[in-house]
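**Q** Sharing a structure below in structure tokens format, with a few things to ask.
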Amino acid sequence: MDMKATKKKLGLKEKYRVMTRDLGWEPGYHTKEEIFPYATYEGIKVHDWDKWEDPFRLTMDAYWKYQAEKERKFYAIIDAHAQNNGHLNITDGRYLSALKVFLQAISPGEYAAHKGFSRVGREFPGVGTQVACQMQAIDEIRHAQTQIHALSNYNKYYNGFHAFADARDRMWYNTVARSFFDDAMSAGPFEFMIAIGFSFEYVLTNLLFVPFMSGAAYNGDMATVTFGFSAQSDEARHMTLGLECIKFMLEQDPDNLPIVQGWLDKWFWRGFRVLGLVSTMMDYMLPKRVMSWREAWEIYGVENGGALFKDLARYGIRPPKGWDDAEKATDHMSHQIMLGLYQWSFGTSLHSWIPSDEDMAWLSAKYPTTFDKYYRPRWEHIRKLAAEGKQFKNFGLAKLCQTCQLPIVFTEPDDPTMACHRETTYKGEKYHFCSDGCQHVFENEPEKYIQAWLPMPALFAELEGDIGKWMDWVSLRDGQDNGDYVGSVDQRNFEQWRGLATSNS
Amino acid sequence: MTVAATKEYVGVARDRVGNFNGKQLVYASWDHHLLFAAPFLLYAAPQMSFRELVEGPLTALVQPDPDGAAIDWTQVEWLKSNQPWTPDFERSLADNGIGHKDQIRFRTPNLTTLAVAA
């Protein structure tokens, strides 16, 4: 019997249909509500899932091909970096602190995003959405893996990299990022998409990745530049997915607008607090700086973000509620966080230091209205204490924000000399916040945030304040991972090895 | 709206006073003295007198500030939960109404060494 010859290759459009939309089916013996039980409880109304547009029309077979090619290039460069002592090409050992922030706070976020997209890919009823979320889930785990792999080479030589996962979960300056993802992952699928797909990937991703990647390039770190490039083409797809998702929600039903706006307000502010770490990295931790945090905010926040919200205005979306407070905080946040990292440096898995005269001159040029007025006097006093042999250590620890979990280092939006004190009582318990933005987030869903595990109170509740036990528990090796960069093991090793590589003595 | 959920949702407060081994947390901060990056977190027994709290941990913690040694604790202005308030130094934290996670603040209008540069 003759087989009927089929066409050898499907056209692109046909292939897309067969490999995405055709994968769905009408359930026969369960209702759609039973199969997708989380699709409606958030209040988002969707009338037609087929209206979901996938701008990339990527199918799984093409996806594997592209990603495999990128992996080959990535590992070729990573291997070369390891074999050629690439770690000695960085500008200065201080740069390592920027990498530690990235590995402890950000890379585990990629892994969390992977878990989140796997979940929402299952929970959304639409096939186009499911496929897009599945690809993004695989992207995110690849990003986590390539970042950890690239930075593992530094772990062979320097301290503070070895226990990044413990540091991420338990360390007080990292739980701002952890709580961001925990919050998103314990939300419904639509809120998750706004939190990660839209706020994180679309509104904030440039502020997060561009500074780290250009910072890496400026400071001679080829390994990090490479994983940045490898992730970049994925990020473009993620940003488009995030934007598509928000437009889809807004076009499906007018009742969705207030819900989406509330999420935008919340997730903009939560993301802005995560950017506090990035601002500090940019202004203080890069030996050779790309641009100031303020300048990055102007370009990626004010200009790009502003244009985006202008575009969304036709759906009735307004800029997020915390926008003006964010603008006011931009000239202060990096200084406030670095002062905290320095005075609590006995409890950090990275090194910090007192800015040099040259650093301070740069900071006052970049922050002409704030640095000399508010922050230089503090740094100069800290330097004086150090010169007297009394390194400033603040054993008073810190009050943490119930929502973002950062130490409350921030000031009143209109008075930089006054710490921001915000508190509320819920069911007889007191809660404290770093800002109106974080207080609003709490007050919208108090039952969620009263459960927050806050690292500093936990030190007393669980370990009765025993710092030694706490160090073991967070995998911090006292005298190696923590403290001032000056006099650290990292400084000694970097300078010695670099000296061997560049001189004869 | 408390939490969007598929069924009734009740959270358990993580940092209840019962979890702190008979002690409590007290937050303390010195207005306009931001060398200290955030309000201090103190771990104290509710029976501790206010004087012990002030002359013990609080006095020790403020010393790195150039004004630290010059504080006259009898003259400072106090606030509790952001409202003016007068503590009784001889009575306990509990008798002074300082509950778990309460924030006390103090002001020293004449001490401004590290305040805004001219």
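**Q** Test A:Leu406 against the stated conditions and say whether it is touching a Ser or Thr at 6+ places or on another chain (Cβ under 9 Å) and surrounded by 24 or more Cβ atoms within 10 Å (Cβ to Cβ).
**A** The answer is yes for A:Leu406.
**Q** List the helices (runs of 4 or more DSSP H) inside region A:244-334, counting only whole elements, that have at least 1 residues being closer than 27 Å to A:Ala187 by Cα.
**A** Of the helices (runs of 4 or more DSSP H) lying wholly inside region A:244-334, those with at least 1 residues that are closer than 27 Å to A:Ala187 by Cα span A:256-280, A:306-312, A:323-329.
**Q** Looking only at region B:19-69, which residues are out of contact with any strand residue (DSSP E or B) (no Cβ under 7 Å at 6 or more places or on another chain), within 10 Å of another protein chain (Cβ to nearest Cβ), without any contact (Cβ under 8 Å) to a residue 24 or more places away in the chain and under 17 Å from A:Phe392 (Cβ atoms)?
**A** Of everything in region B:19-69, those that are out of contact with any strand residue (DSSP E or B) (no Cβ under 7 Å at 6 or more places or on another chain), within 10 Å of another protein chain (Cβ to nearest Cβ), without any contact (Cβ under 8 Å) to a residue 24 or more places away in the chain and under 17 Å from A:Phe392 (Cβ atoms) turn out to be B:Ala60, B:Gln63.
**Q** Within region B:20-31, identify whether any single residue is within 30 Å of B:Leu114 (Cβ to Cβ) and surrounded by fewer than 18 Cβ atoms within 10 Å (Cβ to Cβ), and answer yes or no.
**A** The answer is yes, given that some residue of region B:20-31 is within 30 Å of B:Leu114 (Cβ to Cβ) and surrounded by fewer than 18 Cβ atoms within 10 Å (Cβ to Cβ).
**Q** Related question: Could you say which residue among A:Asp139, A:Asp183, A:Asp166 is in contact with a Leu (Cβ under 9 Å, 6 or more places away or on another chain) and charged (D, E, K, R)?
**A** After applying the criteria, what remains is A:Asp166.
**Q** Do we find a residue being buried (at least 17 other Cβ atoms within 10 Å of the Cβ), part of a loop (DSSP other than H, G, I, E, B), of a type in the set (Ser, Thr, Tyr) and out of contact with any Phe, Trp or Tyr (no Cβ under 8 Å at 6 or more places or on another chain) anywhere in region A:369-384?
**A** Scanning region A:369-384, I find at least one residue that is buried (at least 17 other Cβ atoms within 10 Å of the Cβ), part of a loop (DSSP other than H, G, I, E, B), of a type in the set (Ser, Thr, Tyr) and out of contact with any Phe, Trp or Tyr (no Cβ under 8 Å at 6 or more places or on another chain), so the answer is yes.
**Q** If you check A:Met213, A:Met239, which single one turns out to be modelled with pLDDT of 85 or more, surrounded by fewer than 23 Cβ atoms within 10 Å (Cβ to Cβ) and touching an Asp or Glu at 6+ places or on another chain (Cβ under 9 Å)?
**A** Checking each option against the conditions leaves just A:Met239.
**Q** Ok, one more. Here are some residues: A:Ala150, A:Ala167, A:Ala132, A:Ala187. Which one is within 14 Å of another protein chain (Cβ to nearest Cβ), surrounded by 24 or more Cβ atoms within 10 Å (Cβ to Cβ) and among the aliphatic types (A, V, I, L, M)?
**A** Matching residue, one of A:Ala150, A:Ala167, A:Ala132, A:Ala187: A:Ala187.
**Q** Further, regarding this structure: Are there helices (runs of 4 or more DSSP H) fully within region A:388-505 with at least 1 residues that are over 28 Å from the mean Cα position of the chain (by Cα)? List them.
**A** A:455-463, A:467-473, A:489-502
**Q** Moving on to the next point. Can A:Gly437 be described as away from chain B (no Cβ under 14 Å), among the small types (Gly, Ala, Ser), within 27 Å of A:Trp269 (Cα to Cα) and touching a helix residue (DSSP H, G or I) at 6+ places or on another chain (Cβ under 8 Å)?
**A** Yes; evaluated as a whole, the condition is true for this residue.
Per-residue answers, yes or no, for (1) at pLDDT 90 or above; (2) crowded, with 21+ Cβ neighbours inside 10 Å; (3) farther than 17 Å from A:Gly301 by Cβ:
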residue	(1), (2), (3)
A:Phe192	yes, yes, yes
A:Gly197	no, yes, yes
A:Asn206	no, no, no
A:Ser230	no, yes, yes
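**Q** When you go through B:Asp72, B:Asp102, B:Asp88, B:Asp95 one by one, which is the residue that is among the acidic types (Asp, Glu) and within 14 Å of chain A (Cβ to nearest Cβ)?
**A** Of B:Asp72, B:Asp102, B:Asp88, B:Asp95, the one residue that is among the acidic types (Asp, Glu) and within 14 Å of chain A (Cβ to nearest Cβ) is B:Asp102.
**Q** Which is in contact with a Pro (Cβ under 8 Å, 6 or more places away or on another chain) and surrounded by fewer than 18 Cβ atoms within 10 Å (Cβ to Cβ), of A:Phe346, A:Phe309?
**A** Exactly one residue qualifies, and that residue is A:Phe309.
**Q** Using the structure shown, decide if A:Met360 is in a helix (DSSP H, G or I) and either in contact (Cβ under 8 Å) with a residue 40 or more places away in the chain or more than 13 Å from every other protein chain (Cβ to nearest Cβ) (or both).
**A** In short, no.
**Q** Give the residue that is farthest from B:Asp65 (Cα to Cα), with candidates limited to residues of region A:369-394 that are more than 8 Å from chain B (Cβ to nearest Cβ) and β-branched (Val, Ile, Thr).
**A** A:Thr369
**Q** Further, regarding this structure: Being crowded, with 20+ Cβ neighbours inside 10 Å, among the hydrophobic types (A, V, I, L, M, F, W, C) and in contact with a Pro (Cβ under 7 Å, 6 or more places away or on another chain) is true for just one of A:Leu363, A:Leu341. Which residue is that?
**A** A:Leu363 is the lone residue from the list that is crowded, with 20+ Cβ neighbours inside 10 Å, among the hydrophobic types (A, V, I, L, M, F, W, C) and in contact with a Pro (Cβ under 7 Å, 6 or more places away or on another chain).
Yes/no matrix, rows are residues, columns are (1) over 27 Å from the mean Cα position of the chain (by Cα); (2) among the aromatic types (Phe, Trp, Tyr):
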{"site": "A:Thr31", "(1), (2)": "yes, no"}
{"site": "A:Glu42", "(1), (2)": "no, no"}
{"site": "A:Glu53", "(1), (2)": "yes, no"}
{"site": "A:Phe56", "(1), (2)": "no, yes"}
{"site": "A:Thr59", "(1), (2)": "yes, no"}
{"site": "A:Lys65", "(1), (2)": "yes, no"}
{"site": "A:Ala82", "(1), (2)": "no, no"}
{"site": "A:Gly86", "(1), (2)": "no, no"}
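**Q** Restricting to region A:194-231, count the residues that are more than 12 Å from the chain's Cα centre (by Cα) and within 14 Å of chain B (Cβ to nearest Cβ).
**A** Going through region A:194-231 one residue at a time, the tally reaches 1.
**Q** Going by the conditions given, is A:Lys393 in contact (Cβ under 8 Å) with a residue 40 or more places away in the chain and either out of contact with any Phe, Trp or Tyr (no Cβ under 8 Å at 6 or more places or on another chain) or surrounded by fewer than 22 Cβ atoms within 10 Å (Cβ to Cβ) (or both)?
**A** Yes; evaluated as a whole, the condition is true for this residue.
The values are calculated or read from the model by the stated rules, or taken from the named source; none is laboratory data. Remember, it's a predicted structure, so these values are computed and weren't measured experimentally. Neighbour counts are summed over all protein chains in view; Cβ atoms, including those assigned to glycine, are modelled from backbone coordinates with ideal geometry.
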